[in-house]
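The values are calculated or read from the model by the stated rules, or taken from the named source; none is laboratory data. What you see is a predicted model; the values in this text were computed from it and never measured. Ideal geometry is used to build each Cβ from the backbone, glycine not excepted, and the neighbour counts take in all protein chains shown.
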Amino acid sequence: MDDTDYGEKIAEESIRFERLLPGPIERAWAFLTEPEKRGQWLAPGNMEPRPGASFALHFHNSELTPDRTPPSERFRQYDGSFTTHHQVLRCEPPHVLAWTWGGGNEAPSEVTFELSEAGDQVRLVVTHRRLADDDTMVNVASGWHTHLAVLEGVLQDRVPTPFWPTFERLEEEYRCRIMSPRN
């Protein structure tokens, strides 16, 4: 894994990821917006691509890769299926898609996907903002990094690394990267 694959903390409450994916841009856009394609790397769920639209994502993380190694006890609650609720904030096909994430007892965070052409590839920038604290950022960073690795595998027609072992290894790495004091 290249060091550039890691999310970068760009503000106290924000982390940013960048990936180069196979083009064309319309294909990458489809993997963000079409439920069946999004379900191959993140979670399916019908989404009307317009600001203000509410939608649900139905996660089945253990089923995203052929290796279905279950998570450790700490993450067992996420092993089955679970649903999250979101609202579209921006939709500018095929370049920008943003939606809320989470909520519940706190204000929801926001995730933005930006696509741009880079030769015959597509640059995907994922920025997750308004994260409540460092523990949340560690979890979010590990999750996005793992899901983006699955997306890369799908788009490159290769078998992605197992979801839960990858997530748990990355969680420890991000804990060190995000929570360690700066020198």
Taking the range 154-183 only, how many residues are without any contact (Cβ under 8 Å) to a residue 60 or more places away in the chain and surrounded by fewer than 21 Cβ atoms within 10 Å (Cβ to Cβ)? 12
Kindly indicate whether any position in the range 125-133 is among the small types (G, A, S) and in contact (Cβ under 8 Å) with a residue 40 or more places away in the chain. yes
Unmet criterion (only one of (1) more than 15 Å from W101 (Cβ to Cβ); (2) among the hydrophobic types (A, V, I, L, M, F, W, C); (3) at pLDDT below 95) for A132: (1)
Would you please name the residue that is modelled with the highest pLDDT, looking only at residues in the range 1-52 that are of a type in the set (G, A, S) and part of a strand (DSSP E or B)? S14
Just to verify a result, which residue in the range 11-38, among those that are closer than 18 Å to E173 by Cβ and of a type in the set (A, V, I, L, M, F, W, C), is surrounded by the fewest Cβ atoms within 10 Å (Cβ to Cβ)? F17
What strands (runs of 3 or more DSSP E) lie completely within the range 66-183 and have 3 or more residues being within 13 Å of the chain's Cα centre (by Cα)? 96-101, 109-118, 121-129
